[in-house]
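Here's the structure we're looking at; comments come further down.
The values are calculated or read from the model by the stated rules, or taken from the named source; none is laboratory data. Being a predicted model, the structure only gives us computed values, none of them experimental. Please note: Cβ atoms are built from the backbone with ideal geometry, for glycine as well, and neighbour counts cover all protein chains shown.
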Amino acid sequence: MAEEEQNPLVKARALIQSLRQAVPAELSASLDEVNHLLEAALRRGEGQDAEALRRQMDALIQENARFASLMVHEIRIPLTSIKGYSDMLAKNVVGELNEMQTQFIETIRSNVARMEQLVSDISDISKLRSGRLRLEPKIDLYKNVALQVEKATAPLAAAHNHKLVFETPAGLPLLNVDSERLALALTKLVTNALQYTPDGGTITVRAEEVDGKLKVSVIDTGIGMSAEELGHLGELFWRADNEHVRSFKGHGLGIPIAKGLIELMGGEFFFSSEEGKGSTFGFVVPGAG
C-alpha cells in the first residue's frame with residue numbers, strides 16, 4: 001500500500017479526481033482523457049512505453065490549448081458587444097437612466113470586466129502550459145514597469161485603505177524583457193497582496209540590484225499562509241480555505257501565471273510566508289548586460 005501511495009501515476013490520478021471539483025465544466029472531458037491515460041499507464045506497469053505516453057500527453061496538451069484558444073475567441077466576441085452596449089447605456093447615449101437602472105448597468109459592467117479578466121487568464125495559462133506563449137523582449141527600464149503596475153493597482157489599494165509603496169532606487173539594471181508580460185506578472189503579485197491583506201495594511205514593492213540582476217519583492221502585512229498552504233502554490237485553480245481569501249472573487253490563476261511568465265523570461269520566482277505575519281512574493285530576472 002505504501003509503494004502504491006508513492007507511485008507518481010497514482011498521485012497524478014488522485015490529483016485529477018480533486019481537480020474535477022474545481023475546474024470549469026468544459027475542461028472536465030479533458031481531465032477524463034488524462035485520467036484514462038494514467039489508468040492505462042498503471043495497468044501496463046513497467047511495460048508501458050514511456051515515450052509513447054509522453055507523446056500522447058503532449059498531443060492532449062496541445063489539443064486542449066487549441067480548444068482554449070477557440071473558446072477564448074468565441075467568448076470575447078459577445079463580451080465585447082455586451083461591454084459596448086452597457087457603456088453606451090451608462091453614458092446615457094439612448095436616454096437618461098433612473099437610479100436603479102444605473103445600478104443594474106454598473107453590475108453588468110463589473111461582471112463583464114471580471115469575465116474579460118478570466119478569459120484573459122485562461123488564454124495566458126493555456127499558452128504557458130502548452131509552450132505557445134511568445135515573448136517580445138525589448139530594452140526597457142524597470143521604473144516604467146513599476147509605474148504601469150502602480151497605476152493599475154492604486155484604485156484597489158485606495159478601496160481598502162492600504163498604503164502601497166514602490167521602492168524604486170536609481171541604478172537598477174537595464175532590462176531586455178517583454179515589459180508588458182513582466183508588468184502583468186508583477187500586477188498579479190501586487191493584486192494578491194492587496195486582496196489578502198486586511199484593510200489598512202501596507203504593501204511594499206521593493207526593487208534592488210543583485211549580482212547584475214533585478215530582484216523585486218512584494219511584501220505585505222496580510223494574513224500569511226501555513227506551510228501546508230504554501231505547498232499548493234502554483235496549482236491551477238487552488239485557493240486557500242480562508243474566510244478572508246474567499247471574500248474576494250478569484251479563480252486561483254494569478255500565481256501560476258506570474259510564476260510561469262517569470263520562468264519563461266529566464267527568471268526565478270520566490271516566496272515566503274508565515275501565517276498571521278504576512279507574505280513575500282517576488283522574482284529575479286536577468287539584466288540586459
Among the residues listed as 149, 119, the single one being closer than 26 Å to residue 80 by Cβ, in a helix (DSSP H, G or I) and assigned by TED's automatic domain parsing to the domain that holds residue 209: 149
Residue in region 167-182 that is surrounded by fewer than 17 Cβ atoms within 10 Å (Cβ to Cβ), part of a helix (DSSP H, G or I) and under 20 Å from the mean Cα position of the chain (by Cα) present: yes
First in region 261-273 and in contact (Cβ under 8 Å) with a residue 24 or more places away in the chain and aromatic (Phe, Trp, Tyr), second anywhere and in a strand (DSSP E or B) and crowded, with 17+ Cβ neighbours inside 10 Å, Cβ under 7 Å, 6 or more apart: 271/279; 271/280; 271/281
Residue 97 being modelled with pLDDT under 95 and surrounded by fewer than 17 Cβ atoms within 10 Å (Cβ to Cβ): yes
Any chance residue 138 is modelled with pLDDT of 85 or more, more than 15 Å from the chain's Cα centre (by Cα) and within 23 Å of residue 203 (Cα to Cα): no
Residue in region 195-210 that is modelled with pLDDT under 95 and in a helix (DSSP H, G or I) present: yes
Matching option when the condition is surrounded by fewer than 18 Cβ atoms within 10 Å (Cβ to Cβ) and within 14 Å of residue 271 (Cα to Cα), among 227, 154, 158: 227
Which numbered condition residue 139 misses (of (1) part of a strand (DSSP E or B); (2) surrounded by 18 or more Cβ atoms within 10 Å (Cβ to Cβ)): (2)
Residue tally, condition under 16 Å from residue 169 (Cβ atoms) and either under 18 Å from the mean Cα position of the chain (by Cα) or surrounded by 19 or more Cβ atoms within 10 Å (Cβ to Cβ) (or both), over region 196-217: 6
